[in-house]
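**Q** Sharing a structure with you now.
The values are calculated or read from the model by the stated rules, or taken from the named source; none is laboratory data. Note that the coordinates shown come from a computational prediction; the quantities given were computed from them, not determined experimentally. So basically every Cβ, Gly included, is an ideal-geometry build from the backbone, and we count neighbours across all protein chains shown.
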Amino acid sequence: MFEELAKVADSVSTMTIESLVDTLKEKKSFLLSRDVERYVRFVGFDKGVLSINLEELHPKELIKNLNDFFIQSKFNIKVIRSSEKGDDTLEQKKKALFQQQLMEVSQNPILKEILECFRNSVVENIEDL
């Protein structure tokens, strides 16, 4: 079950919160993966210890659920409660990317014209074609 993470653990530089979320989704732990996307900040990975920081409003059972999920693996979860904040959460990264893309597409004259014609409309999603 944890062969993929064991391979990732061998290469410390490739351990990311994205790979953790992908593994959770692959193992059908969708609620836990969503909580990780929303509330977990990746700090680092060293010698089987995944160091994270949590957003203030995280679910109380998040750490317990992560530990339960990885109970059979060689991973330990360590919550850092210091000034070392860690990376943005995946949700924050997605929002920042969307805002950047929105700034870029909002310069498009066709989109400007459409938004002027439909004054109460907003761009909610951006997809590559």
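**Q** Mind checking whether some residue in region 86-93 is closer than 30 Å to Asp128 by Cβ, loosely packed, with under 15 Cβ neighbours inside 10 Å, modelled with pLDDT of 90 or more and out of contact with any Asp or Glu (no Cβ under 7 Å at 6 or more places or on another chain)?
**A** Yes, because at least one residue in region 86-93 is closer than 30 Å to Asp128 by Cβ, loosely packed, with under 15 Cβ neighbours inside 10 Å, modelled with pLDDT of 90 or more and out of contact with any Asp or Glu (no Cβ under 7 Å at 6 or more places or on another chain).
**Q** For region 33-124, give me every one of the strands (runs of 3 or more DSSP E) that falls completely inside it and has 3 or more residues that are assigned by TED's automatic domain parsing to the domain that holds Asp22, within 17 Å of the chain's Cα centre (by Cα) and under 17 Å from Thr16 (Cβ atoms). Walk me through it before giving the result.
**A** Working: elements: 40-46, 49-54, 76-79.
Passing ranges, in order: 40-46, 49-54.
**Q** Return the residue satisfying two criteria in turn: it lies in region 94-129 and is of a type in the set (D, E, K, R) and under 30 Å from Asn53 (Cα atoms), and of such residues it is surrounded by the fewest Cβ atoms within 10 Å (Cβ to Cβ).
**A** Step by step, filter region 94-129, then rank; the result is Glu124.
**Q** Would you pick out the residues in region 27-63 that are modelled with pLDDT under 90 and among the acidic types (Asp, Glu)?
**A** Within region 27-63, Asp46, Glu55, Glu56 meet the criteria.
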